[in-house]
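Bear in mind these aren't lab numbers, they're just calculated from the coordinates by the rules spelled out. If you're wondering where the values come from, they're calculated on a predicted model, not measured in any experiment. Every residue, glycine among them, receives a Cβ derived from its backbone with ideal geometry; neighbour counts consider all protein chains shown.
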Amino acid sequence: MAYASLIRNFHNFTCRVLSTSNRLVHNVSPNVWEEKHRSESDKPTFMRNPYKYKKQECILCKLNIKPDYKNVRLLSQFQSRFTGRIYGRHITGLCKNQQRKVEQEILKAQNAGLMGYYTKDVAFCKDPKLFDPNHPFRPHKY
Amino acid sequence: MPIYELPLLLRIMPKPEIVSTLKRAATAIFEKGGFIRKIENLGQKDLPAKTSSHGVVSRQAHYFVIYFDVPPKHISNLEDIFNRDIDIVRNRIYKHDLTVNNKPCTLEDELKPPPYRRDVQKLLKITERQESRKKKFSYKSGLNYYPFQK
């Protein structure tokens, strides 16, 4: 009895293997089998170019900050502490769109009396610097 | 009705007078058929520069921002009313910015050397087209010399 059940089990097992595995199926010619498997597993997998640089973004786009005329502390970071002048795009490292917006908002703040034209609030003078005017992203015009 | 923002700078005065000035400004808005969404008090602060308004020099001001809706045709009227108010040092009316920034950052393109930038390439294309439109003297026209000044 024990032998019979073992043989039956073995038979069941091999049946399962035969039905699932292609390796043991005889009626498939080796060439076809090879082609099929090459197309599935031997194919080079898709991979992104590992040497490609990450896309550079300006600080306002990256952090998704919208310049606002009431946010004087942020706007005064783009202003010289000595002359109150708005730094250019080559110094601030902002994209064209954001630089235009920052300049607009600074003008609005100045008109509303929130921000000085030639001065920077002393409280904001020691804020962390977003850029160094002496080492601009692109060279000065002069 | 679009949303507007009104940064109001009031001269230094005791609290009841500030209240009455704000009430005056608010009623002016209500009379024009508008409504107020929010009033922000930014506190008493130093002005960036000494400012003279209505014959009085002020170095400090009470800062308020009023968010309100009003039909656009009344904006100039409101400005006139606020400019006449002697307790208001400065006022501006700005449109409330509701736009969402969904433009992709173009910094990468801008940092490239000029001939690789998209806007420069556009300019180059325009000049190319203009140059191609100009008539060029052809040496095969029978003349053996260039007839124009070089």
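Details
- Span-like helix criteria (full DSSP H runs; alpha carbon extent of at least 15 Å along the helix axis; mean Kyte-Doolittle hydropathy of at least 0.0) are satisfied in chain B by B:15-31.
- Charge dipole (debye, nearest 20) of the stretch A:59-124; +1 at Cβ of Lys and Arg, -1 at Cβ of Asp and Glu: 180 debye
- A cut-off of 5 Å between modelled amide H atoms, ignoring neighbours fewer than 5 places along the same chain, links B:Ser53 with B:Ser58.
- Each residue of the stretch B:53-63 was assigned a 3J(HN,Hα) from its phi angle through the Karplus expression (A = 6.51, B = -1.76, C = 1.60, θ = phi - 60°), giving 9, 6, x, 10, 8, 10, 10, 10, 7, 8, 9 Hz with x at Gly and Pro.
- Point-to-point label distance, B:Glu31-A:Glu57, nm (Cα→Cβ direction, 7 Å offset): 4.9 nm
- Spatially proximal lysines relative to A:Lys52 (Cα-Cα < 16 Å; intrachain offsets below 8 disregarded): B:Lys112
- Over the stretch B:69-123, the hull volume per residue, using the convex hull of the C-alpha atoms, is 192 Å³.
- At q = 0.10, 0.15, 0.17, 0.18 Å⁻¹, base-10 log of I(q)/I(0) for chain B (Debye sum, equal scatterers on each alpha carbon): -0.59, -0.84, -0.96, -1.02
- Residues B:Phe30, B:Phe64, A:Phe131, ranked from the fewest to the most other C-beta atoms within 10 Å, line up as B:Phe30, A:Phe131, B:Phe64.
- Spacing of the two label points (7 Å from each Cα toward its C-beta) at B:Arg84 and B:Asp119, in nm: 4.5 nm
- Using only Cα coordinates, the Kirkwood hydrodynamic radius of the protein assembly as shown works out to 26.5 Å.
- Projected label points at A:Gln104 and B:Val57, each 7 Å from Cα along the beta carbon direction, are separated by 3.7 nanometres.
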